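Below is one structure, written out as structure tokens; comments come after it.
The values are calculated or read from the model by the stated rules, or taken from the named source; none is laboratory data. Keep in mind that this is a model prediction, so the values were computed, not measured. Cβ placement follows ideal geometry from the backbone for every residue including glycine, while neighbour counts extend to all protein chains displayed.
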Amino acid sequence: MDIEGRRILLPGATGVIGGALAERLHAHGARLAMTGRDPAALARVAAACGGPPTRVVDAYDLDGCARAPEWAADGLGGLDTVIVCIGVAGFGPVPTVSDAVAEHLFTVNALAPMALLRASLAFLPRGGALAAVTGAVVDTPTAGMADYTASKAALSAWLSAVRREQRRAGVAVLDVRLPHVESGFSQRAVAGGAPSLPQGLPVNEAVDVLIEALTADPPPGEPRPDRPHGATGRPHA
């Protein structure tokens, strides 16, 4: 798909990857609406992107997440694409992870993206797209990251089912499985310390993967080729 002129809702624009993606999409001519939980950071990203509509939304507020697509469609005069970049890390052996931490991980990494994407379906036309960043952990579960991995895997499985449901409607559903990225994400964990990780992908290269996933156009029903560095974007089953 072409990005220029596309009306895109970007939840998680205040994160390192989300902010970098917002600037790249703006440079490609996209019309953006952005959400994030940090008002100051959201204002900075918006200023770098020509002052698009913004809204403060905390991922833990599922009702607020569900209302964001209608707000974005009103502000942009419609909605073509939603790219969810929200997420939170959490680490530790299973016995050390509290139920409260597990609930937080599943809410932010799975339930919030689901709420955003579910509500977006009412506004997307044929040719629209839903996308979410899951992670390479979906394919390679790692000790010390069980609950985090499970939350990302839940979102990935949900995307796979939605992809099948939306095929006839002509809405692409992308699961972008980024590898570890040098964004400082693992240092901002809600609990625990990150296990030893390999050198991560630079943020600009992670954004390259996201842009490639958004702009690739395989024939209907054909598998999308593997993404660089193990990341996968899959608009078709």
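Quick notes
- When 64, 92, 75 are checked against the criterion of being farther than 22 Å from residue 36 by Cα and over 14 Å from the mean Cα position of the chain (by Cα), a single residue qualifies: 92.
- If you filter segment 133-148 down to residues that are of a type in the set (A, V, I, L, M) and either in contact with a Cys (Cβ under 9 Å, 6 or more places away or on another chain) or part of a helix (DSSP H, G or I) (or both), you find that the one that is nearest to residue 58 (Cα to Cα) is 133.
- Among the conditions (1) modelled with pLDDT of 90 or more; (2) crowded, with 17+ Cβ neighbours inside 10 Å; (3) part of a helix (DSSP H, G or I), the only one that residue 186 does not satisfy is (1).
- Under the condition of being part of a helix (DSSP H, G or I), surrounded by fewer than 17 Cβ atoms within 10 Å (Cβ to Cβ) and modelled with pLDDT of 75 or more, the residues counted in segment 212-229 number 2.
- Taken together, 111, 124, 130 contain a single residue that is among the hydrophobic types (A, V, I, L, M, F, W, C), part of a loop (DSSP other than H, G, I, E, B) and either within 13 Å of the chain's Cα centre (by Cα) or buried (at least 21 other Cβ atoms within 10 Å of the Cβ) (or both), which is 124.
- Residue under evaluation residue 55, criteria (1) basic (Lys, Arg); (2) farther than 25 Å from residue 40 by Cβ; (3) touching a Ser or Thr at 6+ places or on another chain (Cβ under 7 Å), criterion not met: (2)
- A count restricted to segment 60-100 and to residues that are surrounded by 14 or more Cβ atoms within 10 Å (Cβ to Cβ) and more than 22 Å from residue 26 (Cβ to Cβ) stands at 14.
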